[in-house]
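Worksheet: one structure, shown below.
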Amino acid sequence: MKKKGKVAVLLSGRGSNFEAIYQNSLKPDANFEVIVVISDKKDARGLERAREFGLKAFYVSPKKLNPKELYEGKILEILKAHGVELICLAGYMRIVGETLLSAYEGRMINVHPALLPSFPGLHGQKQALDYGVKVSGCTVHFVDAGVDTGPIILQKAVEVKENDTEETLSQRILKQEHRLFSKAVTLFFENRLQIQGRRVIILS
């Protein structure tokens, strides 16, 4: 049986993208498995769900572990103890620092609810609506030191309807996030992602 890639998920909230990744990891042809879930929020719904699934789930307090190097050092300790090969940021509401970036360079990905480089940061869906765009979507990208600035792996467009609210647009984008994130993880463990400057080449 072929060895599956080991994934850690970092989250801060409900964890719907985490759940999608986890459910996709259970498929017979999946080439990855979720090994551990870590949150900076003690009461994160995603952490609770991870425990319900029987996964290793950890709360790491950024307030108790200060400065940031100590906090990320603890996370890194957990990741190494579990042999994690890829980190997925699924609604993780912190800018990743040098401790994690240097240890997992090219091995950390994030999903964002907009077509980057447009509308980075918080509330990408609301930003898109306020700007009046006709098409929005989602982006999976490698993580770097900036806010949603890393090389883009995959994108999926979602039409903006005339009567859309932030909630309705967010729901349609989220469905695509759930598909796209796991696809990117699969490609990563197929060794098909090659970073060339700003571009990510998907090898055939």
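The values are calculated or read from the model by the stated rules, or taken from the named source; none is laboratory data. Bear in mind the structure is a predicted one, so any value in this text is a computation, not a measurement. Methodologically, a virtual Cβ is constructed for each residue, glycine included, from the backbone with ideal geometry; neighbour enumeration extends over all protein chains shown.
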| For the range 1-11, does any single residue satisfy the condition of being within 15 Å of the chain's Cα centre (by Cα), without any contact (Cβ under 8 Å) to a residue 60 or more places away in the chain and either outside any loop (DSSP other than H, G, I, E, B) or not assigned by TED's automatic domain parsing to the domain that holds Pro62 (or both)? | no
| Of residues in the range 30-52 being in a loop (DSSP other than H, G, I, E, B) and out of contact with any Phe, Trp or Tyr (no Cβ under 6 Å at 6 or more places or on another chain), the one surrounded by the most Cβ atoms within 10 Å (Cβ to Cβ) | Ala44
| message | Which count do you get for residues in the range 165-198 that are of a type in the set (Ser, Thr, Tyr) and closer than 22 Å to Ala128 by Cβ? | response | 3
| Among the residues of the range 47-54, is any in contact with a strand residue (DSSP E or B) (Cβ under 7 Å, 6 or more places away or on another chain), modelled with pLDDT of 95 or more and aliphatic (A, V, I, L, M)? | yes
| message | Being in contact with a Phe, Trp or Tyr (Cβ under 7 Å, 6 or more places away or on another chain) and among the charged types (D, E, K, R) narrows it down to one residue among Lys56, Lys64, Lys27, Lys4; which is it? | response | Lys4
| If Ile173 passes every condition in (1) part of a helix (DSSP H, G or I); (2) surrounded by fewer than 17 Cβ atoms within 10 Å (Cβ to Cβ) but one, which one does it miss? | (2)
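Evaluate the following for Ile21: is it part of a strand (DSSP E or B), at pLDDT 95 or above, among the β-branched types (Val, Ile, Thr) and within 18 Å of the chain's Cα centre (by Cα)?
The answer is no for Ile21.
Here is a yes/no grid of residues against (1) without any contact (Cβ under 8 Å) to a residue 12 or more places away in the chain; (2) acidic (Asp, Glu):
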residue: Asp164; (1), (2): no, yes
residue: Gln171; (1), (2): yes, no
residue: Glu177; (1), (2): no, yes
residue: Leu180; (1), (2): no, no
residue: Leu187; (1), (2): no, no
residue: Leu193; (1), (2): no, no
residue: Arg198; (1), (2): no, no
| field | Only one of Glu33, Glu48 that is among the acidic types (Asp, Glu) and more than 15 Å from the chain's Cα centre (by Cα) | value | Glu48
| task | Take the range 187-202 and flag every residue that is closer than 23 Å to Lys2 by Cα and buried (at least 18 other Cβ atoms within 10 Å of the Cβ). | result | Leu187, Phe188, Phe189, Leu193
| Just wondering, is there one or more residues in the range 152-164 that are closer than 24 Å to Tyr22 by Cβ, of a type in the set (Gly, Ala, Ser) and not assigned by TED's automatic domain parsing to the domain that holds Phe18? | no
